[in-house]
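One structure is given below, encoded as structure tokens.
The values are calculated or read from the model by the stated rules, or taken from the named source; none is laboratory data. Keep in mind that what you see is a predicted model, and the values were worked out from it rather than measured. Neighbour counts run over all protein chains shown; Cβ positions are idealised from the backbone, glycine included.
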Amino acid sequence: MGLNMQIGSAPDSWGVWFPSDPKQTPWDRFLNEVAQAGYSWIEVGPPGYLPNDPKVLLPELHRRGLKVTTGFVMHHFEDPADWPVIEKEVNSVGTQMNALGGKFLLLIDDTYTNLFTGEPIRPDRLNADEWKRMIDAVHRAAKLALDRFGLKTVFHPHAQTHVEYEDQIEAFLDDTDPQYVNLCLDTGHHAYCGGDPVSFMRKHHARIPYLHLKSVDGDLQKKVQKEGIPFAKAVAMDVFCELSKGAVDFAAFRDVLQNIQYQGWGIVEQDMYPAPFDKPLPINSRIRAYLKEIGMG
């Protein structure tokens, strides 16, 4: 029995982390290849990677049969100094989503380390006051997105941020209002940080309308953890791998999705920065075929 879920991919799966970088696949090639690989939904990725003008982007999407789910805002939500730029970007992404037909806003806490060097930028855990400020800012952004743009907000727990481990994610769920804020569960980040995405999805599925489908190389992850390898270097070493080859049990994950009759989105997002231009298409085509094979979309 197949699942009634919407399957997509994201610029991240084509090695895109920044609005502009010569190491990254050109945006039109990304659109060509994501459609060729068999996906019908995409995220827009870093603001400015895809053309900002809907009059330019919409025809490009339509002729490839692509639809948009979300754009993201990633900042230090616990830092009041970041609020003006968060508000500006929520308005920008909201306007873009309304023009493109996207229904979600994805929020990510910014990292507490330099992803490339591993150097600490901020404390790795928030104190009670900082945590409350983060929760309040996330609610504020989510209310803005809902009231002004009609968008549903999903928050993405992410490695090297203040919401990465299961205890932090559960505290986040306890402290947020599901009317405004729910979760994007990234199966790869969850496993990278030592969690079990299968049992977590089973327990918290009522708050998870949106998934990032990703896996992790178990042996490499242990090496990364033991040696303290910076996140970006771990990504370049292919710590995130094809769904069929990694530590996340996607057959068991599918069974949970079937049991709960999941009807949300599943966005394939295999971090691979930097990626040679010819690398992503075969990988993403194989992942799409694997998902069909196991009855996930």
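If you check Thr117 against the conditions, is it under 26 Å from Gly228 (Cα atoms), in contact with a strand residue (DSSP E or B) (Cβ under 6 Å, 6 or more places away or on another chain) and of a type in the set (Ser, Thr, Tyr)? It would help to see each step written out before you state the result.
On the way: under 26 Å from Gly228 (Cα atoms): yes; in contact with a strand residue (DSSP E or B) (Cβ under 6 Å, 6 or more places away or on another chain): no; of a type in the set (Ser, Thr, Tyr): yes.
No.
Given the criteria closer than 30 Å to Leu144 by Cβ, part of a loop (DSSP other than H, G, I, E, B) and not hydroxyl-bearing (Ser, Thr, Tyr), does Val163 qualify? If you could, list the steps in order and put the result at the bottom.
On the way: closer than 30 Å to Leu144 by Cβ: yes; part of a loop (DSSP other than H, G, I, E, B): yes; not hydroxyl-bearing (Ser, Thr, Tyr): yes.
The answer is yes for Val163.
Filter region 148-186 down to the residues that are polar (S, T, N, Q), under 24 Å from Met97 (Cβ atoms) and in contact (Cβ under 8 Å) with a residue 40 or more places away in the chain and list them by number. Working first, answer last.
Within region 148-186, the subset polar (S, T, N, Q) is 153, 160-161, 168, 176, 179, 182.
Cutting the leftovers down to under 24 Å from Met97 (Cβ atoms) gives us 153, 161, 176, 179, 182.
Across region 148-186, the qualifying residues are Thr153, Thr161, Thr176.
Which of the residues spanning region 31-68 are hydroxyl-bearing (Ser, Thr, Tyr) and either modelled with pLDDT under 95 or within 19 Å of Asn91 (Cβ to Cβ) (or both)? Can you show your working first?
Just the residues of region 31-68 that are hydroxyl-bearing (Ser, Thr, Tyr), to begin with: 39-40, 49.
Of everything in region 31-68, just one residue is hydroxyl-bearing (Ser, Thr, Tyr) and either modelled with pLDDT under 95 or within 19 Å of Asn91 (Cβ to Cβ) (or both), namely Tyr49.
Looking at region 229-260 only, could you name the residues that are closer than 25 Å to Lys292 by Cα, more than 18 Å from the chain's Cα centre (by Cα) and touching a residue at least 60 places away in the same chain (Cβ under 8 Å)?
Within region 229-260, Arg254, Leu257, Gln258 qualify.
Have a look at Asp271, Asp186, Asp249 and point out the one that is surrounded by fewer than 18 Cβ atoms within 10 Å (Cβ to Cβ) and not small (Gly, Ala, Ser).
Numbers: Asp271 fails: surrounded by fewer than 18 Cβ atoms within 10 Å (Cβ to Cβ); Asp186 fails: surrounded by fewer than 18 Cβ atoms within 10 Å (Cβ to Cβ).
Residue meeting the stated conditions: Asp249.
Which of the residues belonging to region 244-297 are in contact with a strand residue (DSSP E or B) (Cβ under 6 Å, 6 or more places away or on another chain), outside any helix (DSSP H, G or I) and not small (Gly, Ala, Ser)?
Scanning region 244-297 gives Val248, Trp265, Ile267, Val268, Glu269, Gln270, Asp271.
Six or more apart or on different chains, Cβ atoms under 6 Å: show the pairs whose first residue is in region 124-144 and farther than 22 Å from Ala159 by Cβ and whose second is at pLDDT 95 or above and among the polar types (S, T, N, Q).
Close Cβ pairs satisfying both conditions: Ala142/Thr153.
With the requirement that a residue be free of Cβ contacts under 8 Å to residues at least 40 places away in the same chain and more than 25 Å from Asp219 (Cβ to Cβ), what does region 262-291 give you?
Within region 262-291, Asp278 is the sole residue that qualifies.
Residues of region 127-158 being outside any helix (DSSP H, G or I) and touching a strand residue (DSSP E or B) at 6+ places or on another chain (Cβ under 9 Å), which ones?
From region 127-158, those outside any helix (DSSP H, G or I) are 127, 150-158; that's our starting set.
Result: Leu151, Lys152, Thr153, Val154, Phe155, His156, Pro157, His158.
Since Glu269 meets every condition but one in (1) touching a Pro at 6+ places or on another chain (Cβ under 8 Å); (2) closer than 30 Å to Leu151 by Cα, which condition does it not meet?
Checking Glu269 against (1) touching a Pro at 6+ places or on another chain (Cβ under 8 Å); (2) closer than 30 Å to Leu151 by Cα, the one that fails is (1).
Does Val198 qualify as being touching a residue at least 24 places away in the same chain (Cβ under 8 Å) and surrounded by 23 or more Cβ atoms within 10 Å (Cβ to Cβ)? Outline the logic, then answer.
Values: touching a residue at least 24 places away in the same chain (Cβ under 8 Å): yes; surrounded by 23 or more Cβ atoms within 10 Å (Cβ to Cβ): no.
Considered against the rule, which asks whether it is touching a residue at least 24 places away in the same chain (Cβ under 8 Å) and surrounded by 23 or more Cβ atoms within 10 Å (Cβ to Cβ), Val198 comes out as no.
State all residues of region 278-294 that are surrounded by 15 or more Cβ atoms within 10 Å (Cβ to Cβ) and either in contact with a helix residue (DSSP H, G or I) (Cβ under 6 Å, 6 or more places away or on another chain) or hydrophobic (A, V, I, L, M, F, W, C) (or both); if no residue qualifies, say none.
Selection gives Pro280, Leu281, Ile283, Asn284, Ile287, Tyr290, Leu291, Ile294.
Condition test on Glu269, is it at pLDDT 95 or above, out of contact with any His (no Cβ under 7 Å at 6 or more places or on another chain), within 25 Å of Gly45 (Cα to Cα) and among the acidic types (Asp, Glu)? I'd like the intermediate steps shown before the answer.
Values: at pLDDT 95 or above: yes; out of contact with any His (no Cβ under 7 Å at 6 or more places or on another chain): no; within 25 Å of Gly45 (Cα to Cα): yes; among the acidic types (Asp, Glu): yes.
The answer is no for Glu269.
Tally up the residues in region 160-183 that are in contact with an Asp or Glu (Cβ under 9 Å, 6 or more places away or on another chain) and buried (at least 21 other Cβ atoms within 10 Å of the Cβ), please.
Step one: list which residues in region 160-183 are in contact with an Asp or Glu (Cβ under 9 Å, 6 or more places away or on another chain), which gives 160-164, 166.
Next, only the ones that are buried (at least 21 other Cβ atoms within 10 Å of the Cβ) stay: 160-164.
Count: 5.
Here is a check on your reading of the model: is Tyr210 surrounded by 21 or more Cβ atoms within 10 Å (Cβ to Cβ), touching a residue at least 40 places away in the same chain (Cβ under 8 Å), farther than 30 Å from Thr117 by Cα and among the hydroxyl-bearing types (Ser, Thr, Tyr)? Give the steps one after another, and end with the answer.
Values: surrounded by 21 or more Cβ atoms within 10 Å (Cβ to Cβ): yes; touching a residue at least 40 places away in the same chain (Cβ under 8 Å): yes; farther than 30 Å from Thr117 by Cα: yes; among the hydroxyl-bearing types (Ser, Thr, Tyr): yes.
So Tyr210 fits the description; yes.
If you take just the strands (runs of 3 or more DSSP E) that sit entirely in region 1-115, which of them hold at least 3 residues that are in contact (Cβ under 8 Å) with a residue 12 or more places away in the chain, out of contact with any Phe, Trp or Tyr (no Cβ under 7 Å at 6 or more places or on another chain) and not hydroxyl-bearing (Ser, Thr, Tyr)?
Details: elements: 6-9, 70-75, 104-109.
In region 1-115, the matching strands (runs of 3 or more DSSP E) lie at 70-75.
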